[in-house]
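What follows is a set of notes on a single structure, which appears directly below.
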Amino acid sequence: EPEVTQTPSHQVTQMGQEVILRCVPISNHLYFYWYRQILGQKVEFLVSFYNNEISEKSEIFDDQFSVERPDGSNFTLKIRSTKLEDSAMYFCASSVLLAGGYTDTQYFGPGTRLTVL
Amino acid sequence: DAKTTQPTSMDCAEGRAANLPCNHSTISGNEYVYWYRQIHSQGPQYIIHGLKNNETNEMASLIITEDRKSSTLILPHATLRDTAVYYCIVRVRGGNTPLVFGKGTRLSVIA
């Protein structure tokens with residue numbers, strides 16, 4: 001069964017450093033998402049991405065964050081200068097694009113645990 | 001904010017049916033009910049979704065009341081591996097909106 005994959009599974013970084021989290025969405029999916037979950041809290045939406053553009057973003061997704069689809073398979077989340085409060089699980093998700101340009105069920109990857117020291 | 005209300009926690013004996021309720025009294029006519037679960041800190045796993053008819057797949061059954069203001073996810077024979085946080089989410093299927101997660105129900109399956 002196709003699945004979303006994410007690397008690395010765990011990333012430890014120093015405050016102020018840049019990190020890139022990588023995701024490989026399901027191959028025929030065209031709509032991509034990043035969510036995060038701070039320990040003990042809810043899963044929160046960060047950004048959605050389609051056709052090489054951000055479709056929607058939350059207030060969390062500020063100028064420190066960026067997303068990119070550098071090639072035909074990867075989807076990345078970059079945090080330019082990490083802060084302690086960026087420590088969280090980051091989940092990538094993808095969905096099929098239905099006729100009419102709408103999205104179907106989102107399927108999630110296993111997540112990357114980011115620890116900022 | 002999430003448009004659903006779920007109990008904080010539930011217990012279920014292994015091998016018995018687990019019935020997880022969800023209230024969504026403000027659901028709109030074009031909104032579907034989606035269920036996901038999260039085992040420990042893994043990524044949310046899609047379970048099932050429905051609009052107004054009852055739905056069944058290999059994982060679970062979804063019963064939606066006639067007025068669509070509430071639903072129940074049924075795991076017919078719960079196992080220890082079903083211990084997880086279960087999220088009920090309403091969303092327009094085909095809408096380009098993100099999923100809005102609440103706190104969900106923590107289901108503990110007990111041997």
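The values are calculated or read from the model by the stated rules, or taken from the named source; none is laboratory data. Model, not experiment: these values are computed from the prediction. Note: ideal-geometry Cβ built from the backbone for every residue, glycine included; neighbour counts use all protein chains shown. Remember, those area values only see protein heavy atoms, side chains included, never the ligands or the DNA or RNA. Shrake-Rupley method; radii C 1.70, N 1.55, O 1.52, S 1.80 Å.
Contact map, segment B:77-98: residues that are more than 13 Å from chain A (Cβ to nearest Cβ) and open to solvent by less than 50 Å² (accessible area, probe 1.4 Å) paired with residues that are part of a strand (DSSP E or B) and of a type in the set (Asp, Glu), Cβ distance under 8 Å, separation 6+ or inter-chain. Pairs shown: B:VAL90/B:GLU31.
Scanning segment B:22-40 for residues that are open to solvent by 10 Å² or more (accessible area, probe 1.4 Å) and either in contact with a Leu (Cβ under 8 Å, 6 or more places away or on another chain) or assigned to a strand (DSSP E or B) (or both) yields B:ASN23, B:GLU31, B:TYR32, B:ARG37. How about segment A:48-103: which of its residues are in a strand (DSSP E or B), closer than 30 Å to B:ASN30 by Cβ and either in contact with a helix residue (DSSP H, G or I) (Cβ under 9 Å, 6 or more places away or on another chain) or more than 13 Å from chain B (Cβ to nearest Cβ) (or both)? Scanning segment A:48-103 gives A:VAL67, A:PHE75. The set of residues in segment A:17-41 that are assigned to a loop (DSSP other than H, G, I, E, B) and either within 24 Å of A:SER73 (Cα to Cα) or touching a strand residue (DSSP E or B) at 6+ places or on another chain (Cβ under 9 Å) (or both) comprises A:GLN17, A:GLU18, A:PRO25, A:ILE26, A:SER27, A:ASN28, A:HIS29, A:LEU30, A:ILE38, A:LEU39, A:GLN41. None of A:VAL4, A:VAL19 is within 19 Å of A:LEU98 (Cα to Cα) and in contact (Cβ under 8 Å) with a residue 60 or more places away in the chain except A:VAL4.
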